[in-house]
Structures are given as C-alpha cells and as structure tokens.
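For reference, the structure discussed in these notes is given below.
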Amino acid sequence: MFPYLFKIGFFELRIYSLMYITGLLLTIYFSRRKAAKLGIKSEETENFILFTFLFALIGARIYYVLFRWDYYGGSFFEMIAIWHGGLAIHGGLIAGFIAAIGFCLHKKISPFKMGDIIIPWLLLSQGLGRFGNFANGEAHGVPTLTPPSIIFRAENVFPQFWAQTLKTAGLNNNPESVSRLKDIAAQTPDGLAVTFMDKVYYIREYFPWGISFTNKFGAAAWRDFGTLPVHPTFFYEMFLNFIGFAILFIMWRKDSNIGTGRIVGGYLIAYGVIRALVTFFRADDLMLGLLRAPHIVSIIMVIAGIGFIINGHYRAKKL
C-alpha cells in the first residue's frame with residue numbers, strides 16, 4: 001500500500017487520482033472515435049464526458065456525506081474535502097445519469113446512443129479506480145477471521161458481531177489492540193469462541209488470501225482492523241469489473257448495438273450484481289435502516305437494466 005507515486009512539497013501524485021484520470025482519458029479517446037464513426041461530433045462527446053464526470057463526482061460526494069451526516073454535519077470544510085476520502089459510486093451514478101440526460105436533451109442527442117458509446121469505459125474506469133482504493137488502503141473488507149455465516153447476511157450484523165468479538169477477547173477498539181486478535185485466536189485449536197445471537201462462532205483464519213495494512217500512511221483498513229488481514233474487496237471488484245468490461249466491449253464493437261440501450265442495460269445488470277456480491281465482504285458499507293444501501297441500489301439497477309434490454313430489443317427493430 002503506497003498512496004502516491006511521488007510527493008513534492010504539498011503536491012502529491014496520488015495513485016487513486018491517476019487511476020481515474022487514466023480511465024477518463026481512455027473513455028474520451030475511444031468514445032470520440034466511436035461517436036465520430038456514428039455521426040456525433042467529437043467535441044460534443046468530449047464535453048458530454050467531462051460534464052457528466054464533474055456532476056458524478058459531486059453526486060458521489062453528496063451521497064456519501066448524507067449517509068455519514070453524523071460525522072460531516074458539523075463541518076462544511078470536511079464536507080467538501082474529497083481529498084480526505086469519501087466517495088460513493090452509487091451517488092455518482094445517480095448524479096451522472098441525471099447530468100447525462102440533461103446534456104443530451106439540451107444538445108438534442110440520443111441518450112441511448114451516447115450512453116451505449118460511453119458506458120463500457122465507465123466500468124473499465126471503475127476497475128482501475130479500485131486499484132487506487134488498494135493504494136489508499138480503503139474500500140476494504142472485513143477481517144478474514146470473520147465466519148462466512150456472519151458475512152453472507154442481507155442485514156449487516158458485522159458491527160455488532162465485531163464488538164462482541166473484541167469484548168470476548170478482552171481487546172480495545174484501537175488498531176494496536178485489535179492487531180492481537182489473530183494471535184489470541186491461535187492459542188486454542190478451534191479458535192476463539194464468541195457467543196453472538198445465541199450461537200457460538202469460532203474466530204480463526206477462514207480465508208487465507210487476506211491483505212494486511214500498516215500504520216505508515218494511516219490507511220482506513222489500519223484504523224479499523226490494525227494489522228489483521230482483511231478481504232481485498234478492491235481486488236474482488238476490480239477483477240469482476242474487468243470481466244464485465246470485456247463483455248460490454250464485445251457488444252460495443254458491434255455498431256448495431258449502439259443506440260438501442262442494450263449496452264447501458266448490460267452495464268446496470270453487471271454492476272448491480274458485482275456490487276451486490278462484493279458488498280457482503282465490505283466493512284464500510286453505508287446503511288439504509290437495517291439494510292445495506294448498496295444492496296438496495298443494486299436491486300434497482302438490475303431491474304432497470306432488464307427494462308433497458310427489453311426496450312432495446314424493440315428499439316433495435318426500428319433502427
């Protein structure tokens with residue numbers, strides 16, 4: 001974990017920023033070429049991408065702040081300090097969608113055509129961005145000592161389970177103390193027995209591929225779980241995003257798919273499923289009541305994606 005490539009005075013070239021800038025440039029380059037081939041001015045495509053990206057960035061921050069109002073409510077500076085972290089992809093998608101529709105209506109461009117041209121590269125950019133999360137030590141998963149039956153629940157009970165685990169182990173909720181949990185669990189053959197919701201769970205290494213972080217750069221994963229290995233959810237999502245991009249790219253290469261909305265629908269279904277799966281392992285999910293907000297939004301995305309594909313089937317017959 002190394003959050004920046006180099007640092008000169010107050011300037012840092014952060015890997016997270018570099019990944020999204022790379023994704024943005026790739027999106028502009030390939031989308032301009034495709035749009036020009038289909039009769040859309042290259043400058044219009046570039047303006048559309050930059051306009052949508054800006055609003056998506058703002059939306060991602062607003063969404064995150066609203067769900068963490070208990071932390072941000074008293075400080076306007078922290079609300080706008082995106083360099084401190086805190087962007088929610090679903091907020092970006094909502095704001096970006098609204099901005100995209102507004103731009104297309106103003107310029108009298110088909111939103112279906114523009115969406116199909118650009119959307120595969122959005123998923124590629126998201127995959128690149130997850131490597132930036134790894135570099136920052138954020139968007140991490142729960143410790144790999146967490147039993148699968150705690151992870152795979154519609155309701156996120158991990159915070160309560162974790163509190164009970166620390167209490168049973170006699171640990172304080174700080175990185176140095178939490179880091180001792182793995183050694184404590186290894187002192188008995190079956191692991192540390194934790195009683196939670198009238199059931200006994202054993203704390204031991206359930207998943208061997210976790211990643212540990214140190215306190216060198218103050219990563220969120222370190223602040224949450226010390227040196228305990230955690231699920232590399234950034235890599236889970238990065239890998240799945242790249243697979244999703246490959247599928248959408250195959251569709252994108254066929255000009256007859258552009259303008260139907262089928263590629264947009266494919267994206268909504270793909271990312272909805274991807275994020276729903278990865279969310280089970282995430283330690284920092286935003287909550288909506290008793291349910292994880294990403295799960296609720298993912299369900300909406302999948303339903304909308306199916307609608308786009310069905311509609312695209314009929315639009316393709318008219319094109």
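Quick look at the values:
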| read-out | value |
| --- | --- |
| Given (1) at pLDDT below 80; (2) farther than 23 Å from Val297 by Cα, index of the condition His106 fails | (1) |
| Matching entry among Thr260, Thr233 (being of a type in the set (S, T, N, Q), surrounded by 22 or more Cβ atoms within 10 Å (Cβ to Cβ) and over 14 Å from the mean Cα position of the chain (by Cα)) | Thr260 |
| Scope the stretch 247-282; condition under 23 Å from Leu145 (Cα atoms), touching a Phe, Trp or Tyr at 6+ places or on another chain (Cβ under 7 Å) and either of a type in the set (Gly, Ala, Ser) or not in a loop (DSSP other than H, G, I, E, B) (or both); matching residues | Val278 |
| Criterion (closer than 28 Å to Phe112 by Cα and either open to solvent by 20 Å² or more (accessible area, probe 1.4 Å) or charged (D, E, K, R) (or both)) met by exactly one of Phe48, Phe67, Phe77, Phe53 | Phe53 |
| Residues of the stretch 275-319 satisfying the condition of being of a type in the set (Lys, Arg), within 29 Å of Ser256 (Cα to Cα) and in contact (Cβ under 8 Å) with a residue 12 or more places away in the chain | Arg275, Arg315 |
| Residue satisfying all of: in the stretch 165-209; buried (at least 16 other Cβ atoms within 10 Å of the Cβ) and of a type in the set (Gly, Ala, Ser); nearest to Ala220 (Cα to Cα) among these | Ser179 |
| The stretch 1-34: number of residues that are closer than 20 Å to Ile258 by Cα, open to solvent by less than 50 Å² (accessible area, probe 1.4 Å) and without any contact (Cβ under 8 Å) to a residue 40 or more places away in the chain | 1 |
| Failed item in (1) in contact with a strand residue (DSSP E or B) (Cβ under 8 Å, 6 or more places away or on another chain); (2) crowded, with 20+ Cβ neighbours inside 10 Å; (3) under 30 Å from Leu123 (Cα atoms), with Ser212 passing the rest | (2) |
| Looking only at the stretch 35-45, and only at residues there that are closer than 24 Å to Thr22 by Cβ and out of contact with any Lys or Arg (no Cβ under 8 Å at 6 or more places or on another chain), the one that is most open to solvent (accessible area, probe 1.4 Å) | Lys37 |
| Residues of the stretch 134-160 classified as in a helix (DSSP H, G or I), more than 26 Å from Leu290 (Cβ to Cβ) and open to solvent by less than 20 Å² (accessible area, probe 1.4 Å), total | 1 |
| Sole exception among (1) more than 30 Å from Tyr71 (Cα to Cα); (2) not in a helix (DSSP H, G or I) for Gly244, by number | (2) |
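Matching residues to (1) of a type in the set (S, T, N, Q); (2) over 22 Å from Asn174 (Cα atoms); (3) open to solvent by 60 Å² or more (accessible area, probe 1.4 Å):
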residue	(1), (2), (3)
Lys216	no, no, yes
Asn241	yes, yes, no
Phe245	no, yes, no
Gly266	no, yes, no
Arg275	no, yes, no
Ala304	no, yes, no
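The values are calculated or read from the model by the stated rules, or taken from the named source; none is laboratory data. This one's a predicted model, so the numbers in the text were calculated from it and none came from an experiment. Virtual Cβ from ideal backbone geometry, glycine too; neighbours counted across all protein chains shown. To get the accessible areas, we keep the full protein, side chains included, count just its heavy atoms, and leave off ligands, DNA and RNA. Shrake-Rupley method; radii C 1.70, N 1.55, O 1.52, S 1.80 Å.
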